[in-house]
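So the structure is just underneath, and the comments pick up after that.
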Amino acid sequence: MKQNRVRIIGGEWRSRFINFPDQKDLRPTPDRVRETLFNWLGQDLTGLNCLDLYAGSGALGFEAASRGAKSVVMVERERAAHAALTANRSILNAEHTRIERADALDYLHGASDVYDVVFLDPPFAMYTDGASWNGLFELLRPRLSAQALVYRESGMNLPAPSGWKVHKQGRAGQVYYQLLKKPDETL
């Protein structure tokens, strides 16, 4: 199986590489986009609980862990990607990460943890309209802390899901990305 690599751009594991399998629909968040995202979040995520719901390569989850997140849960349903995440966790000695092999929606139905930062970067074909995104955000809502921020990456420019506000947004090539928050809360 062909192995691909992505570089962690900041924190404790800066410049270390993580491997991921050559797999359809698996596209790590580009370096430039990750750099922008973590500038928005602040470089230090100490004390925050993070969820990388469609982990794929693990670029977002390991980046958060590298920057001091208290805990990071990475959810991935595909066997090869899950195995690569587990291997990378071991290589980095990332004890504050947990790798779950599950469907994202099934995971949310059974989860009880509460998260401060959530990364949503599913395969672009999975969520192609606002209604499907609204359903995901409703399912996610009980798993969020009062001040939670949700990062969403998509292949199209989308409005904020119902009940949410776009805090920051950008575009890099065919990737649209947003940092969202509930409108009644302040940063």
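The values are calculated or read from the model by the stated rules, or taken from the named source; none is laboratory data. Treat the numbers as computed from the prediction; the structure is a model and nothing was measured. Here the Cβ is made from the backbone with ideal geometry for all residues, glycine too, and neighbour counts use every protein chain on show. What goes into the accessible areas is simple: the full protein's heavy atoms, side chains included, and nothing from ligands, DNA or RNA. Shrake-Rupley method; radii C 1.70, N 1.55, O 1.52, S 1.80 Å.
Determine, yes or no, whether SER112 is open to solvent by less than 70 Å² (accessible area, probe 1.4 Å), not hydrophobic (A, V, I, L, M, F, W, C) and not in a helix (DSSP H, G or I).
Details: open to solvent by less than 70 Å² (accessible area, probe 1.4 Å): no; not hydrophobic (A, V, I, L, M, F, W, C): yes; not in a helix (DSSP H, G or I): yes.
Spelling it out, it is not the case that SER112 is open to solvent by less than 70 Å² (accessible area, probe 1.4 Å), not hydrophobic (A, V, I, L, M, F, W, C) and not in a helix (DSSP H, G or I).
Every residue, every condition in (1) surrounded by 14 or more Cβ atoms within 10 Å (Cβ to Cβ); (2) at pLDDT below 90; (3) of a type in the set (Phe, Trp, Tyr), yes or no:
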{"residue": "ASP129", "(1), (2), (3)": "no, yes, no"}
{"residue": "ASN134", "(1), (2), (3)": "yes, yes, no"}
{"residue": "PRO142", "(1), (2), (3)": "no, no, no"}
{"residue": "GLY155", "(1), (2), (3)": "yes, yes, no"}
{"residue": "VAL166", "(1), (2), (3)": "yes, no, no"}
Which residue is surrounded by the most Cβ atoms within 10 Å (Cβ to Cβ), if the candidates are limited to the range 168-183 and must be at pLDDT 90 or above and under 19 Å from VAL114 (Cα atoms)?
LEU180
Among (1) touching a helix residue (DSSP H, G or I) at 6+ places or on another chain (Cβ under 9 Å); (2) within 17 Å of ALA172 (Cβ to Cβ); (3) open to solvent by 40 Å² or more (accessible area, probe 1.4 Å), where does ARG77 come up short?
(2)
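Filter the range 80-94 down to the residues that are out of contact with any Pro (no Cβ under 7 Å at 6 or more places or on another chain) and either open to solvent by less than 30 Å² (accessible area, probe 1.4 Å) or among the aliphatic types (A, V, I, L, M) (or both), then identify the one that is nearest to GLU153 (Cα to Cα). Before the answer, list the steps.
Filtering the range 80-94 for residues out of contact with any Pro (no Cβ under 7 Å at 6 or more places or on another chain) gives 82-83, 85-94.
Filter once more, keeping what is either open to solvent by less than 30 Å² (accessible area, probe 1.4 Å) or among the aliphatic types (A, V, I, L, M) (or both): 83, 85, 87-88, 91-92, 94.
Details: ALA83: 23, LEU85: 20, ALA87: 25, ASN88: 23, ILE91: 27, LEU92: 26, ALA94: 25 Å.
Result: LEU85.
Could you say whether any residue in the range 77-91 is modelled with pLDDT under 90 and over 21 Å from TYR176 (Cα atoms)?
The first filter runs over the range 77-91 and keeps only residues modelled with pLDDT under 90, leaving none.
Checking the range 77-91: not a single residue is modelled with pLDDT under 90 and over 21 Å from TYR176 (Cα atoms).
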Against the condition touching a residue at least 60 places away in the same chain (Cβ under 8 Å) and either loosely packed, with under 15 Cβ neighbours inside 10 Å or touching a Cys at 6+ places or on another chain (Cβ under 7 Å) (or both), how does ARG5 come out, does it pass?
no
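Quick check, is ILE99 β-branched (Val, Ile, Thr) and under 18 Å from ARG5 (Cα atoms)?
Working: β-branched (Val, Ile, Thr): yes; under 18 Å from ARG5 (Cα atoms): no.
It is false that ILE99 is β-branched (Val, Ile, Thr) and under 18 Å from ARG5 (Cα atoms).
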Matching residues, the range 61-74, being basic (Lys, Arg) and buried (at least 16 other Cβ atoms within 10 Å of the Cβ)
ARG67
Out of all the residues in the range 10-39, which are surrounded by 16 or more Cβ atoms within 10 Å (Cβ to Cβ) and under 15 Å from the mean Cα position of the chain (by Cα)?
LEU26, ARG27, PRO28, THR29, PRO30, VAL33, ARG34, THR36, LEU37, PHE38
Boolean, ALA104 is touching a Phe, Trp or Tyr at 6+ places or on another chain (Cβ under 6 Å), modelled with pLDDT under 95 and open to solvent by less than 50 Å² (accessible area, probe 1.4 Å):
yes
